[in-house]
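Each remark here refers to the structure printed beneath this line.
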Amino acid sequence: MCSIVYHSEIGDSPPQHLDVAFFEEVLETALRTAKVQLLSIHCKLGSSTGENYCSKIYRVTIEYKLHSDPKHTKQQMFIVKSIPRIESVEFIEDLQVYLKEKITYYDVLPRLELLMQCKQRFGPKLYQCRKQPENALVFEDLSESGYVMASRESGLDEDHCILVMEHLAEFHASSMALALLDPHIFEAYGDGMLSPNGLARDNALLMRFFAGNGQELHSLVKTWPGFERISDKIAKYLAHQRDNLIRSQAPSDRDIKVLNHGDLWVNNILFNYDVVNNRPVDAIFIDFQLSVWGSPGIDINYFFYTSTKLDVLQQRRPQLLKRYHDRLAGTLLGFNMDIPVPSYEQILQEVHRREAYGFFANYGILPTVSQDKAQTADNNLENFQCEDFAKQKVKQMFASARLEQTLRYTLPHFERAGVFD
């Protein structure tokens, strides 16, 4: 009889809702056959503690035999994303992230990849999902194909950023084509990370987290000589923080409309490398739970201000935007569907109009992203419910040298862009 063996790092609370019967169905779906015998199931953590806030990630290895080949033992690996039902993450229910992600993987991504004639993959395969007793999704393990995460602490260099921009442009372009073929396909994608529903309650975790980061940003910047004017403007921004956050993502009739990934930062991008030259040659996105239909400036600004090395942001921003536009235009023309091709100047306007979203990403997300791994071991949603822990952790985040260097460059940029006006 097959049983599940849990690695010691999982501790005393193994995911009992992920049972043998569930994984048997997962394997049958992956192999496209029910004629299989499970021999063993090994479950361990799939990411380091403090790397995931709203979900638990497990890496599962299943050993099995096929009825057609009973002499040989085979194995298959899967990634399981389990989203616990706890009050501290009520915004997950508000944003319907489980449903959105399931629809994206089952329906949207396969159709986008078909539009690309299967020359580009946008995400891993989803093999199984379960809503009760906890939301859980089971994906292929892309590490078996050589895909790995880059360093979130140091940020991405130009080679990585070029690859992401070109891949993002293909993702956005194919979503524009799909919207033309199926005008209602993206109606469920009206809410993203800064949805009014998710930010509605003052005492909710999401709003408290962003408010804490905003106050710490102001406390830090007002100690910097020469930043007095910007400090005053940040204070005015924070006086209406919720409205400013919502406005930074709110749709506009002027927008070019694409499907945004919605949470495009280092840990949500997997890279494959040419090992000889140690250069990235492919990228695949993961975690589409916050995808939103809207301006491409949402994804581009979020990526720029959470995931690039500072020198890339300072020196190569126009070149990256040109790469994005060239690939977007080429992909749209390749569809031969008479889709209006945005000009480079229009893309620049989209990015400029969403600079406020970049500012949010810079103070709301980058402080967490840039933390040293040694400081993130106790980062979880339960701990952040404690006010003293949250205050101490936010101060720790904003003590990052990388963060300070980045803010000293980006804040004057955001002022020039009119974000604080």
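FYI, it's all coordinate maths here, none of it is from the lab. Predicted model, so just to flag it, every value in this text is computed and none were measured. Using ideal geometry, Cβ is built from the backbone for each residue, glycine included, and neighbour counts are taken over all protein chains shown.
List of remarks:
- Degrees separating the helix 158-181 axis from the principal Cα axis of the chain, which is the longest one: 80 degrees
- Charged side chains reduced to their Cβ positions (Lys and Arg at +1, Asp and Glu at -1) give the chain a dipole of some 380 debye around its Cα centre.
- Here is the result for region 390-421: no trypsin sites (Lys or Arg not before Pro) lie in DSSP coil with at most 11 other C-beta atoms within 10 angstrom of their C-beta.
- Relative contact order (percent, whole number), region 4-83, Cα cutoff 8 Å, 6+ residue spacing: 28 percent
- GluC sites (Glu not before Pro) lying in DSSP loop within region 167-267, provided at most 15 other Cβ fall within 10 Å: Glu187
- Compared with the dominant principal axis of the Cα atoms in the chain, helix 228-239 is inclined by about 60°.
- Least to most buried among Glu345, Glu355 (fewest other Cβ within 10 Å first): Glu345, Glu355
- Taking every C-alpha pair closer than 8 Å and separated by at least 6 residues, the mean separation divided by the residue count of region 239-348 gives a relative contact order of 25 percent.
- Cut-off 9 Å between beta-carbons: net charge of the residues surrounding Tyr58, Lys and Arg +1, Asp and Glu -1: +4
- For the chain, the longest principal axis of the C-alpha atoms and the axis of helix 387-397 are separated by about 80°.
- Cα centroid of region 304-356 to Cα centroid of region 147-185, whole Å: 11 Å
- Only Lys, Arg (+1) and Asp, Glu (-1) charged, at Cβ; region 4-83 dipole about Cα centre in debye: 280 debye
- Taking the DSSP bridge list for region 4-83 and keeping only pairs wholly inside it, about 85 percent are antiparallel.
- With helices as the sole contributors, the chain gives -13500 deg cm²/dmol at 222 nm; each DSSP H run of n ≥ 4 counts as -39500 (n - 2.57), and the sum is divided by every residue.
- Applying a DSSP loop filter and a limit of 15 other Cβ atoms within 10 Å to the trypsin sites (Lys or Arg not before Pro) in region 178-243 leaves Arg201, Lys222.
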